[in-house]
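This report concerns only the one structure given below.
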Amino acid sequence: MNKAKIFEKLYSYLYSVGTYDKAKVASFVGKTIDAVAYNKITGDDYVETTQAAN
């Protein structure tokens, strides 16, 4: 099992027990998991956030 799968399993567990919410899981996309893993964990498609213009 590679590191990405380990993190996916960990975040999936933490999300299922309510420790992590969607925003927390989303904060790991591009770092330890990818958008596909986000979808597997939350059931929603990952949408990258952008900064608002001033």
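The values are calculated or read from the model by the stated rules, or taken from the named source; none is laboratory data. What you see is a predicted model, and the numbers here were worked out from it, not measured in a lab. Positions of Cβ are generated from backbone atoms using ideal geometry, with glycine treated the same way; all protein chains shown enter the neighbour counts. Heavy atoms of the whole protein, side chains included, go into the accessibility calculation; ligands, DNA and RNA do not. Shrake-Rupley method; radii C 1.70, N 1.55, O 1.52, S 1.80 Å.
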Within the bounds of segment 23-38, is there any residue that is modelled with pLDDT of 95 or more, part of a loop (DSSP other than H, G, I, E, B) and among the aromatic types (Phe, Trp, Tyr)?
yes
List the residue pairs whose Cβ atoms are under 8 Å apart, where the first residue sits in segment 10-32 and is among the small types (Gly, Ala, Ser), the second is open to solvent by 50 Å² or more (accessible area, probe 1.4 Å), and the two are 6 or more positions apart or on different chains.
12/40; 26/46; 26/49
Identify all residues within segment 6-20 that are open to solvent by 90 Å² or more (accessible area, probe 1.4 Å) and within 9 Å of the chain's Cα centre (by Cα); write none if there are none.
none
